[in-house]
Amino acid sequence: MARPRRNGTGIHQEAHGQGAAILLTHGFGATSRMWDEQIEEFTDRYRLILWDLPGHGESAAPKKTTTPDSLVAIMLTILDAAHAASTVLIGLGIGGALALRFWRVHRERVRALVLIGTTPGLRSGAAREIWNGQVGELAAAVERDGLDALEGGAEVDPGLHSCPLGLASAARLLLTQRDDGARPWLAEIDVPVLILVGSEDRPNLTAAEYMARTIPNARMTVIPRANHAANIHKPAAVNAAIREFLGRLPR
């Protein structure tokens, strides 16, 4: 196991296993530790590359210039450092949204996508306004009350974060919805896509169904009795779905 930490970038990174590369990006409030079950499952044949988003886990707080596009650039830097020319991207929540954005900018580097509990964007301006108001309230609560204000499921562990204020900044920078997101170009995606969603993850079930209808080469699997972090709630079912999907990819 290789664990390069920050590597001069302020971003915690680590790699496990040998073989075809998979880059895993966690959701808001989580850390790379949410993928521990996948590390155990997939390092027999694959090289798993993990990182902590800015303000999360062991990564430094985001800069004022941090944007989703700059995070895509960080993802590219991580893959270049790992000499991963062609990669499967796996993401949960905002991690899935970043995977979609990465494909848009660097599609030649993407072998396939696995999107877990992911919403590609909000079409309605009114819906974005409501969402952004909730983001602002969450960030303010973290600034006021510290990590105890974190809301989330099994993937969110306040004890793994080193900087409450960094997480508050990350909420505003990462979660704020400014446009339609990936929705306008989902139909252009030309790599295999696996969409996973927990049966109890009600907010993302509709989004998963929409992506499955819209992305030309997408498969959707609903994980029974799982919530947002399906890979933690039902790791065996999620791992089986991912392993089958990876096994079908062109070599």
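So how much slack lies between V105 and A187, counting 0.36 nm per residue of separation and subtracting their Cα-Cα distance, in nm? Before the final figure, lay out the partial values.
Numbers: separation 82, 0.36 × 82 = 29.52 nm, distance 1.51 nm.
Value of the extension gain: 28.0 nm.
If you build a Gaussian network model of the chain, linking Cα atoms that sit under 10 Å apart, which residue out of E40, E14, E58 swings the most?
E40
Please work out how much length the chain gains when fully extended from E244 to R178, using 0.36 nm per residue of separation minus the C-alpha to C-alpha distance, in nm with one decimal.
Numbers: separation 66, 0.36 × 66 = 23.76 nm, distance 3.55 nm.
Between E244 and R178, full extension yields an extra 20.2 nm.
First compute the accessible area of the chain with a 1.4 Å probe, then give the percent of it belonging to carbon and sulfur atoms. Kindly include the intermediate steps, with their values, before the conclusion.
On the way: 5650 of 11090 Å².
Of all accessible area on the chain, carbon and sulfur atoms account for 51 percent.
Suppose all protein chains stay in the model; what accessible area per residue would a 1.4 Å probe give for the chain, in Å²?
Working: 11090 Å² over 251 residues.
Counting only protein heavy atoms, the per-residue value for the chain is 44 Å².
Please go through the stretch 137-225 and write out the trypsin sites (Lys or Arg not before Pro) that DSSP classes as loop and that have at most 11 other C-beta atoms within 10 Å. Could you put the intermediate results ahead of the total?
Details: sites: R144, R172, R178, R213, R219, R225; in loops: R178, R225.
Those that pass, being in a loop and sparsely packed, are R178, R225.
Which percent, to the nearest 5, of DSSP beta bridges fully inside the chain are antiparallel?
Working: 7 of 34 bridges.
Around 20 percent antiparallel, to the nearest 5.
For the chain, what is the relative contact order in percent, using Cα pairs closer than 8 Å and at least 6 residues apart in sequence?
Details: 517 pairs, mean separation 49.6, N = 251.
With pairs under 8 Å counted, the relative contact order is 20 percent.
Scattering from the C-alpha atoms of the chain alone, worked out with Debye: what is log10 I(q)/I(0) at q = 0.07, 0.09, 0.10, 0.13 1/Å?
Here the Debye-derived log intensity ratios amount to -0.20, -0.34, -0.43, -0.76.
Roughly speaking, what is the stretch gain from A141 to N217, that is 0.36 nm per residue apart minus the C-alpha to C-alpha distance, in nm to one decimal? Intermediate results must be reported in sequence, preceding the final value.
Values: separation 76, 0.36 × 76 = 27.36 nm, distance 4.06 nm.
Taking A141 through N217 to full extension adds about 23.3 nm, to one decimal.
Compute the signed sum of charges (Lys and Arg +1, Asp and Glu -1) over the other residues within less than 14 Å, Cβ to Cβ, of A212.
Its environment carries a net charge of +2.
Say each of D36 and Q134 gets a label point 7 Å from the Cα, pointing the same way as Cα to Cβ; how far apart are those two points in nm?
About 2.8 nm separates the two model spin labels.
Starting from the Kirkwood Rh over alpha-carbon pairs, what translational D in µm² s⁻¹ does the stretch 133-226 have by Stokes-Einstein at 20 °C and 1.002 mPa s?
Numbers: Rh = 15.6 Å.
So the translational diffusion coefficient is about 138 µm²/s.
Dipole magnitude of the chain about its Cα centre, charges +1 at Lys/Arg Cβ and -1 at Asp/Glu Cβ only, in debye to the nearest 20? Write down the numbers at each step before the final one.
Details: 27 positive and 27 negative charges, 145 e Å.
So the dipole magnitude of the chain works out to roughly 700 debye.
In nm, to one decimal, how far is the modelled label at L205 from the one at A126, with both set 7 Å along Cα→Cβ?
With each label placed 7 Å out from Cα toward Cβ, I get 2.4 nm.
Please list 3J(HN,Hα) in residue order for the stretch 16-32, calculated via the Karplus relation 6.51 cos²θ - 1.76 cosθ + 1.60 where θ = phi - 60°; whole Hz, with x for glycine and proline.
9, x, 9, x, 4, 7, 10, 9, 10, 10, 7, x, 4, x, 9, 9, 4
The values are calculated or read from the model by the stated rules, or taken from the named source; none is laboratory data. The model shown is predicted, which means the values in this text are computed figures rather than measured ones. So basically every Cβ, Gly included, is an ideal-geometry build from the backbone, and we count neighbours across all protein chains shown. Just so you know, the surface numbers come from the protein's heavy atoms only, side chains and all, with ligands and any DNA or RNA stripped out. Shrake-Rupley method; radii C 1.70, N 1.55, O 1.52, S 1.80 Å.
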